[in-house]
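A short worksheet on the structure shown next.
The values are calculated or read from the model by the stated rules, or taken from the named source; none is laboratory data. Please read these numbers as outputs of a predicted model, since none were measured by experiment. Every residue, glycine as well, gets a Cβ built from its backbone with ideal geometry; the counts of neighbours run over all protein chains shown.
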Amino acid sequence: MGVPQAMAAVEARASSIRDALHKSQTITDSMVAILGSFDHRLSALETAMRPTQIRTHSIRRAHENIDKTLKAAEVILGQFDLTRKAEAKILRGPHEDLESYLEAIDQLRSIIQFFSKNKTVKSSDGVLNHANALLSKAISKLEDEFRQLLTNYSKPVEPDRLFDCLPDSLRPSSDPPGQKNDGKSSEHQNKSLQPVIYAPLTLIPPRVLPLLHDLAQQMILAGHQQQLFRIYRDTRAAVMEQSLRKLGVERLSKDDVQKMQWEVLEAKIGNWIHYMRIAVKLLFAGEKKICDQIFEGDDSLRNPCFSEVTANSMAVLLSFGEAIARSKRSPEKLFVLLDMYEIMRELQSEIELLFGSKACMEMRESAVSLTKRLAQTAQETFGDFEEAVEKDATKTTVLDGTVHPLTSYVINYVKFLFDYQSTLKQLFQEFDDGDSESQLTAVTTRIMQALQNNLDGKSKQYKDPALTQLFLMNNIHYIVRSVRRSEAKDLLGDDWVQIHRRIVQQHANQYKRVSWAKILQCLTVQGGNSSGSDSSSLSRAMVKDRFKTFNVQFEELHQRQSQWTVPDSELRESLRLAVAEVLLPAYRSFVNRFGPMIENGKNPQKYIRFRPETIESMLNEFFESKTWTEPKR
């Protein structure tokens, strides 16, 4: 194809494009004209419709306002209706249907709140005044109902009910008073072996507590806290005190305590220990539980109410403990002081828990103070006892040289102390952070030494040196034997036991020397002994005199020492054997050597009055505490 042809084709194409563009512009102009005419028509239509739209909007708003007004009127009428219903329930009182009554009070509060926010409502002031007056009347009736309900279900607890809540091991014993210590000892020994479980004590039926709680909450909402506090305190405190009185609790002063006979006071202390346990673990714990439930969510009332209800009862109990702790000290009070200290230590954690609030601080501190006071008095009594043992000046003389009452008293005292080992160790730690076991050892050792010092003094009352030695032998032996058979052995140690066994033996040897040396001299020939073969060293008259002297001395010894006592059978036999081992060989030898000189003469039985077998038999009558045959001169 040539260039001219190509150019012609391009021109033809360009011409057709121009024609097409021209047609498109024509169509666009036509569309703009048509749309412009539509705009004018729509404007005219909108102008024509505007009044109709305005009227429709006004009608819709009017309908909405009517609906709102009707609904508001319905609510207000509903409030008036609720007021009438609440009033009817309030006028009937709470006694028939307490739950409905409480609902009515809630409704009244809601009504008061509604009209307080809607004071533009006609007659709102009148309705508010009426509702407030009705609420005041309702709360007053509620207060009476709370008082009546609390009073009806608050009764003193009978002692038997309290005892039934105690573990078996802690229930009152029916043992005679004389067996009191034995029972106490077994309690100390067994209490760690027995599970101590207390049955819960129901002071107010559980079904009543929610009602009391709801009543209390309504009174609190009404601002009647003080009235509520007084009602609860007066009702429950009186019942608590009556429960304790029924149990046997009484207020006693220091003077009252001082005037009592010891047996009476000891029984009251034993009872007080039970009372403290029952009061804290049952009565106070039960009161705390119901207080917490009734005043749940309101600490400002819960803690002060509990404090006021228990304050006087706790004060009465603690005052007796203080009276004992401050009374005149005496050794027999040590054990009851330890019992009292022990119960206060036992209850310490519960007292801290029950009386832990600020409102109960005074009672909590009083309990801690009593515990310290009891510990201090017990420790001082310990010191008094040690001093009293050493300085005991009783003129009681045991005529037969047996164990002195002081010895058995002190040993029993010390043995009984070991039932309180853990308590004593706690007591020592109240004042000293040192090793409590070492302190207990030191105290026990000092008491034993004080006893021995006193026995040394008492032994000097005997005019017969032989009886002095027998007395010391008996008493030290009793001490050693008692220690070996008790827990004191572990504390004092084997060395202490061995040393004192040697002391017993020393006194036995001294007795033999003092008592039998003189009579053995009758059987001894100067320059030799009674077993020698030469009989010419003594004349017949001298032999007669020796036999006569022996007879008189042996009869005197038999008469006197058969009235003496060696209470321990093993020690008694051992001492007789020791005497026989010295006396019988010497007597047999003397009779064999010099007897023929007498037997060949006149009336030999006048001089050889005892055969060796008779001597042995008579020795077996020594230390048997036989009755005196004639007045002592």
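Scan region 396-405 and tell me whether some residue there is in contact with a Ser or Thr (Cβ under 7 Å, 6 or more places away or on another chain) and in a helix (DSSP H, G or I).
yes
Which is touching an Asp or Glu at 6+ places or on another chain (Cβ under 7 Å) and either surrounded by fewer than 18 Cβ atoms within 10 Å (Cβ to Cβ) or aromatic (Phe, Trp, Tyr) (or both), of LEU584, LEU577?
LEU584
Condition first: at pLDDT 90 or above and of a type in the set (Asp, Glu). Now tell me which residues in region 516-556 satisfy that.
ASP545, GLU555, GLU556
Looking at SER366, SER436, SER357, which one is more than 30 Å from LYS458 (Cα to Cα), at pLDDT below 85 and surrounded by 14 or more Cβ atoms within 10 Å (Cβ to Cβ)?
SER436
Taking the residues in region 543-574 that are among the aliphatic types (A, V, I, L, M) and outside any loop (DSSP other than H, G, I, E, B) as candidates, determine which candidate is surrounded by the most Cβ atoms within 10 Å (Cβ to Cβ).
VAL543
What number of residues within region 468-482 satisfy the criterion of being buried (at least 23 other Cβ atoms within 10 Å of the Cβ) and in contact (Cβ under 8 Å) with a residue 60 or more places away in the chain?
Number satisfying all stated conditions: 7.
Can you confirm whether region 508-515 contains a residue that is surrounded by fewer than 14 Cβ atoms within 10 Å (Cβ to Cβ) and not basic (Lys, Arg)?
yes
LEU467: under 24 Å from TYR341 (Cα atoms) and in a helix (DSSP H, G or I), yes or no?
For LEU467, the condition - under 24 Å from TYR341 (Cα atoms) and in a helix (DSSP H, G or I) - is not met.
Mind listing just one residue for me: the one in region 406-433 that is assigned to a helix (DSSP H, G or I) and among the aromatic types (Phe, Trp, Tyr) and, of those, surrounded by the fewest Cβ atoms within 10 Å (Cβ to Cβ)?
Taking the candidates together, the pick is TYR409.
If we keep just the residues of region 270-310 that are closer than 21 Å to LEU374 by Cβ and among the small types (Gly, Ala, Ser), which is surrounded by the fewest Cβ atoms within 10 Å (Cβ to Cβ)?
So the residue we want is GLY270.
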